[in-house]
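Trainee: Could you have a look at this structure, given as structure tokens, before my questions?
The values are calculated or read from the model by the stated rules, or taken from the named source; none is laboratory data. Keep in mind it's a predicted model, so treat the numbers as computed, not measured. Cβ placement follows ideal geometry from the backbone for every residue including glycine, while neighbour counts extend to all protein chains displayed. All accessible areas refer to the heavy atoms of the entire protein, side chains included, with ligands and DNA or RNA removed. Shrake-Rupley method; radii C 1.70, N 1.55, O 1.52, S 1.80 Å.
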Amino acid sequence: MKLLGQTPVLRRTLLALSLATMVPAAMAQNPIVIKFSHVVASDTPKGRAADFFAKRAAELTKGRVKVEVYPNSQLYKDKEEMEALQLGSVQMLAPSLSKFAPLGVREFEVFDLPFIFDDYTDLHAVTGGPVGKKLLSKLQSRGITGLAYWDNGFKVMSANKPLKAVEDYKGIKMRIQSSKVLDAQMRAVGAMPQVMAFSETYQALQTGVVDGTENPPSNLYTQKMHEVQKHLSVTNHGYLGYAVVVNKKFWDGLPGDVRAALDKAMAEATKVANDVALKDNQEALAKVKAAGKTEIYQPTMGERFLLKKAMMPVHKQMASRIGQDTIDEIYKVTGFDPSKL
Ligand code: LMR
């Protein structure tokens, strides 16, 4: 644009006009970026749902939002990612529910209580109801907004020795997530729990820093843990799932229509996560079996009962930490009766 030879007012007007016409183009080139960091592989329930969310967020906002997904602890390990979210270095995460207590929201460890959920139906009655909502709202004071719960599944135990009877756990070092409930659960069967980042687990198993671990089969298989674990026991003793969370300041600052579109994308992604979770875990178990390096053991009803009996005192032990009221609310929703054991 040639500005020479024009009056100062006309020059300023023309400049303002040219800037105004530039804005939409600049916006189109600079979408709102959401960095979504997570620690698992892309071909897991969480990985698939995160990728689906990214795709739908772009479609529903017509390119105004770009979600960049960083899987497999590429950007941050699990403890670091929580700090990065609070600092605003990433905008979105889906940490497992076990990883919220270190923020001071200990109620989340209720999900770690062994044998508290029989199946996904029990679980959804909690996460899809008022108890789930109340727990998410507790994150607000930490600068975090909870958007949804995503499933993974029920955990298996693995080690380099068969894990059939409760006594088999005695003295073995087991990697756990950063949860005092999981710590108590492992101690209840005589194991020695060791908190460790998810990304460090494979190597720790390989080098013998720990002897075993617990995780849903989809995590175990996609991290190749089965290559360094000779035995796996399908105990289904506890649940592992996620809360999808965003930096509150970032979320509150989004234009209302963008937030509404992202809410819709999130609702669809939640359905994807929860629809694929069971299948992914069943397939992962089949793949572990096919790989032929790990012996898969299906505990008998009697063995599972004894494991449950050994672990149940953890519910009482952890009541003052989690809050008996939260535990009772969950018992009520699922119909769980701890006295009936
Ligand atoms: C773990 O640390 O074992 C899991 O929380 C990993 C995950 O995000 O599923």
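Trainee: How large a share of the accessible area of the chain, in percent, is made up of carbon and sulfur atoms when the probe is 1.4 Å and the other protein chains stay in place? Don't skip to the answer; put the middle values down first.
Mentor: Working: 8780 of 15710 Å².
Accessible surface attributable to carbon and sulfur in the chain totals 56 percent.
Trainee: Something else: Would you calculate the separation in nanometres between label points at Val33 and Ala260, each defined as 7 Å from the Cα along the Cα-to-beta-carbon direction?
Mentor: 2.8
Trainee: Still on this structure, please answer the following. So if we plug the beta-carbon distance of Lys287 and Ser42 into 1/(1 + (r/R0)^6) with R0 = 25 Å, what FRET efficiency do we get, rounded to 0.05?
Mentor: About 0.95, to the nearest 0.05.
Trainee: Something else: If one puts a single equal scatterer on every Cα of the stretch 213-252 and applies the Debye formula without solvent, what log₁₀ I(q)/I(0) results at q = 0.34 Å⁻¹?
Mentor: -1.23
Trainee: In whole angstrom, how far apart do the alpha carbon centroids of the stretch 278-293 and the stretch 150-215 sit?
Mentor: 19
Trainee: How many angstrom lie between the C-alpha centres of the stretch 30-60 and the stretch 70-87?
Mentor: So the two Cα centres are separated by 14 Å.
Trainee: Efficiency by 1/(1 + (r/R0)^6): what FRET value for Glu80 and Ser339, r their Cβ-Cβ distance, R0 = 41 Å, to the nearest 0.05?
Mentor: With R0 = 41 Å, the Cβ-Cβ based efficiency is 0.45.
Trainee: Also, quick follow-up: Using helices alone, what [θ] at 222 nm do you get for the chain, with -39,500 (n - 2.57) per DSSP H run of 4 or more residues, divided over all residues and rounded to the nearest 500?
Mentor: The helix-only estimate for the chain comes to -14000 deg cm²/dmol at 222 nm.
Trainee: Next question. What is the spin-label model distance, in nm, from Asp118 to Ser89 if the labels are put 7 Å beyond Cα along the C-beta direction?
Mentor: 4.5
Trainee: Could you size up the charge dipole of the stretch 46-175 around its Cα centre, putting +1 on the beta carbon of Lys and Arg and -1 on that of Asp and Glu, and report it in debye to the nearest 20?
Mentor: Working: 21 positive and 16 negative charges, 63 e Å.
Computed charge dipole of the stretch 46-175: roughly 300 debye.
Trainee: Still on this structure, please answer the following. Please tell me which of these pairs span more than 18 angstrom C-alpha to C-alpha: Lys170/Lys287; Lys79/Lys99; Lys138/Lys249?
Mentor: Flagged as over cut-off: Lys170/Lys287.
Trainee: A follow-up question, please. What is the Rg over Rh value, at two decimals, for the stretch 68-145, using alpha-carbon atoms and the Kirkwood definition of Rh?
Mentor: My calculation puts Rg/Rh at 0.99.
Trainee: For a quick size check, give me the Cα extents of the chain along its three principal axes, largest first, whole Å.
Mentor: 93, 43, 30
Trainee: Let me ask something additional. Please figure out what share of the DSSP beta bridges in the chain is antiparallel and state it in percent, rounded to the nearest 5.
Mentor: Around 50 percent antiparallel, to the nearest 5.
Trainee: May I ask you to compute the full-extension gain from Ala319 to Tyr70, defined as 0.36 nm times their residue separation minus their alpha-carbon distance, rounded to one decimal in nm?
Mentor: Contour length minus the Cα-Cα distance gives 86.0 nm.
Trainee: Can you tell me which aspartates and glutamates have their Cα less than 13 Å from the Cα of Lys66? Leave out same-chain residues fewer than eight positions away.
Mentor: Partners found: Asp51.
Trainee: Using label points projected 7 Å from each Cα along Cα→Cβ, tell me how many nm separate Asp328 and Thr300, to one decimal.
Mentor: Reported label-point gap for Asp328 and Thr300 is 3.9 nm.
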